[in-house]
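The values are calculated or read from the model by the stated rules, or taken from the named source; none is laboratory data. For clarity, every value in this text was computed on a predicted model and none was experimentally measured. Virtual Cβ from ideal backbone geometry, glycine too; neighbours counted across all protein chains shown.
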Amino acid sequence: MHPELIKLEKTFNRSILTKIDDPLLAQYQIELWMKRDDLLHPVVSGNKWRKLKYSLDHALSLGADTIISMGGAYSNHLHALAYVGKVLGLKTIGLVRGEQPEALTPTLLDMQSWGMELRFVSRSDYRLLRQYKDWDLLPNLKPRQYWLPEGGALGLALKGVEELVNEIEIPYDVLCVPCGTGTTLAGIIDAVPEQVSVLGFAALKNAGFLTAEVAVMLSRPRNNWRINLDYHFGGFAKTNAELSAFIEGFELKTTITLEPVYTGKMMYAVYDLIGKHYFKPGQRIIAVHTGGLQGKRGFG
Ligand SMILES: Cc1ncc(COP(=O)(O)O)c(C=O)c1O
């Protein structure tokens, strides 16, 4: 790996496993743990580092000096990329979905302050950008520019996600993760032991297409996984009083912070499914905390 990436990773915290201490879980004879990738780094937290690490290494090995990527006005991915770009001395360009807002979001302000060039693209053009799925496929890419598709969804991202799985040193039955593009889920499915079930929770409404997209990303077909589509709460980044109350209650009980776009919905879903006897008594579930807490500022 590139020495600058090794140096950066050395500054990271350990992602520990936290057991959720809740009498309700005991009542259903379920053990619930969280893999705390949110603790890795204040900015490059959660699945962001996992997904960026090997793509950035690839970009640096090619001599790239600019990374271009895409995301929304609250994008955790662009936020992490802008920060890492600054640390590594790389120029970063963020293609941001939608019109330039009158006042930049806190996420965009951070990105700008770390030197990312923001280019606002119409929603229809943004959708078109999704077709460029490999690092060299963005049209008009200049020499030394490297393209990272939405959410950092390159095949190399799976290699970083695999490391998250390999750090789990206790046996477990079910691994849960929130899904946007499904890249993190794919990396997890690829890496878990044969007997483990993997459950992804879609943050988007009408995300039925994700199953086929994730299947294509896998290095070999597996049948130990599924994507639950029932807990989007009306759509991406939509929330309601019930979800907010759950998050607040969970945070009070555990001192683990959740955000409402990904991890809050996943944990709500896990608790709801436990209450519906979806899991077998005696099972140990691990839910991956994919970070993204900076995005919570959009809901203040
Ligand atoms: C906090 C958080 N969790 C989960 C996800 C979903 O990850 P993926 O796009 O790999 O499915 C994202 C988006 O990248 C995210 O920001």
In the range 222-239, what count of residues is obtained for those that are touching a Leu at 6+ places or on another chain (Cβ under 8 Å) and either within 9 Å of V261 (Cα to Cα) or at pLDDT below 95 (or both)? 2
Given (1) of a type outside the set (S, T, N, Q); (2) within 16 Å of the ligand (Cβ to nearest atom); (3) at positive phi, number of the condition A153 does not satisfy: (3)
Considering the range 61-101, residues that are polar (S, T, N, Q) and part of a loop (DSSP other than H, G, I, E, B), and then whichever is farthest from R119 (Cα to Cα), we arrive at S75
Quick one: which residue in G115, G94 is out of contact with any Cys (no Cβ under 7 Å at 6 or more places or on another chain), closer than 25 Å to G182 by Cβ, small (G, A, S) and surrounded by 11 or more Cβ atoms within 10 Å (Cβ to Cβ)? G94
Tell me which residues, restricted to the range 25-60, are assigned to a loop (DSSP other than H, G, I, E, B) and away from the ligand (no atom under 11 Å from the Cβ). Y28, Q29, I30, L40, H41, P42, V43, V44
For the range 286-300: of the residues being within 12 Å of the ligand (Cβ to nearest atom) and part of a loop (DSSP other than H, G, I, E, B), which is nearest to M111 (Cα to Cα)? G292
Being within 14 Å of the ligand (Cβ to nearest atom), part of a strand (DSSP E or B) and not charged (D, E, K, R) is the requirement here; does V214 meet it? no
Select from the range 196-211 the residues that are part of a loop (DSSP other than H, G, I, E, B) and under 20 Å from the mean Cα position of the chain (by Cα) and list them in ascending order. A203, L204, K205, N206, A207, G208, F209
Number of the condition not met by L78 [criteria: (1) free of Cβ contacts under 8 Å to residues at least 40 places away in the same chain; (2) farther than 29 Å from K7 by Cα; (3) within 16 Å of the ligand (Cβ to nearest atom)]: (2)
Can you find a residue that is touching a Ser or Thr at 6+ places or on another chain (Cβ under 9 Å) and either within 25 Å of G71 (Cβ to Cβ) or among the hydroxyl-bearing types (S, T, Y) (or both) anywhere in the range 271-282? no
Please specify each residue of the range 178-211 satisfying the condition of being out of contact with any strand residue (DSSP E or B) (no Cβ under 7 Å at 6 or more places or on another chain), among the aliphatic types (A, V, I, L, M) and more than 13 Å from the ligand (Cβ to nearest atom). A191
Among (1) buried (at least 18 other Cβ atoms within 10 Å of the Cβ); (2) over 28 Å from I16 (Cβ atoms); (3) within 13 Å of the ligand (Cβ to nearest atom); (4) of a type outside the set (G, A, S), where does F233 come up short? (3)
Please work out if T263 is farther than 22 Å from L185 by Cα and out of contact with any Asp or Glu (no Cβ under 6 Å at 6 or more places or on another chain). no
Given the options P221, P260, P193, name the one that is in contact with a helix residue (DSSP H, G or I) (Cβ under 8 Å, 6 or more places away or on another chain), surrounded by fewer than 14 Cβ atoms within 10 Å (Cβ to Cβ) and part of a loop (DSSP other than H, G, I, E, B). P221
Could you list, in sequence order, the residues of the range 1-24 that are surrounded by 13 or more Cβ atoms within 10 Å (Cβ to Cβ) and not in a loop (DSSP other than H, G, I, E, B)? E4, L5, L8, E9, L17, T18, K19, L24
